[in-house]
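I have placed the structure first, in the form of structure tokens, so that the comments after it can refer back to it.
Values quoted throughout were computed directly from the atomic coordinates according to the rules given, and no laboratory measurement underlies them. Here the structure is a predicted model, which is why all the values come from computation and not from measurement. For neighbour counting, all protein chains shown are included, and Cβ atoms are generated from backbone atoms with ideal geometry for every residue, glycine included.
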Amino acid sequence: MESDASSSMALQALLARHVPEDVKEQEDLERMRHFAHALARPFSREQREAHFTGSAVVVDPAGARVVLLHHRKLQRWLQPGGHADVTDAGEMAATALREAREETGCRVFLHPTAPQPLDVDLHTIPARRDEPEHHHLDVRFLVVAENPDALAHDPAESFGVRWLTWDEAMTHADEAPLRRMLAKARRVVAGAP
């Protein structure tokens, strides 16, 4: 129980220092801060209304390309990411790194100059046979693939994964929060403020 409390406090501290970029992100951040306090087990899928997830914008070492995967369940092009695992010990960066490794096959590390987190987003997951509609409270990080040529996808998770130029990735981004996150990542790798 003590580790749940310390993990929850680390999550609250992470969210407390995040600076949102637009109204949607500000609203999402406020709701995520509420859930970080209110949920007994914020990382558990057993929290039916909402739970925290971690995802990653994966770039190549030169920062010229970004990975998107064609998500199997949602049928959309998205960044790698998913549910927190016990092995992540409540560290959202650990969740993002693990998910990026699993879904791309690449060795990854946190980008050294990117804000942590890079972005946050609350989105609704539609009801399916085995679970009701619920919210994913996604904490997003910018990571670098050490070995971009190792790119491979997990058929259980996606129909495919590919390296795209920034402009190509933006054409695949079908929602404003994804475009916002990609734009932030592009500015960081370009060294822009």
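Computed from label points 7 Å out along Cα-Cβ, the spacing between Glu146 and Glu27 is 4.2 nm. Can you tell me, using C-alpha contacts under 8 Å and at least 6 residues apart, the relative contact order of region 38-150 as a whole percent? Result for region 38-150 is 33 percent. Secondary-structure-derived ellipticity at 222 nm for the chain, considering helices only, amounts to -11000 deg cm²/dmol, per-run term -39500 (n - 2.57) for DSSP H runs with n ≥ 4. Legend: translational diffusion of the chain by Stokes-Einstein, Rh = Kirkwood radius over C-alpha pairs, 25 °C, 0.890 mPa s; D = 147 µm²/s. When the P(r) of region 139-182 is calculated, the portion above 15 Å amounts to 59% of the C-alpha pairs. Using only Cα atoms, locate the centre of region 132-193 and the centre of region 12-39, then give the distance between them in Å, rounded to an integer. Between the Cα centres of region 132-193 and region 12-39 lies a distance of 20 Å.
Database remark: amide H of Ala50 closer than 5 angstrom to the amide H of His135 (H placed geometrically; neighbours at sequence offset of 5 or more, or on other chains; Pro and chain starts carry no H). Protection proxy ranking of 35-46, 142-153, by the mean of other Cβ atoms within 10 Å over each peptide's residues and highest first, is 142-153, 35-46. Once the Kirkwood radius over Cα pairs is known for region 75-182, the Stokes-Einstein relation at 10 °C and 1.306 mPa s delivers a diffusion coefficient of 106 µm²/s. Each peptide in 115-122, 134-141, 50-57 receives the mean, over its residues, of other Cβ atoms within 10 Å, and ordering these scores from highest gives 50-57, 134-141, 115-122. For region 93-193, the relative contact order comes to 28 percent (Cα pairs under 8 Å, sequence separation of at least 6). Ignoring solvent entirely, what values of log10 I(q)/I(0) come out of the Debye formula for region 15-104 at 0.15, 0.16, 0.21, 0.24 Å⁻¹ when each Cα is a single scatterer? Debye intensities relative to I(0), on a log10 scale: -0.69, -0.78, -1.21, -1.31. In region 24-168, the DSSP beta bridges split such that about 70 percent are antiparallel, to the nearest 5.
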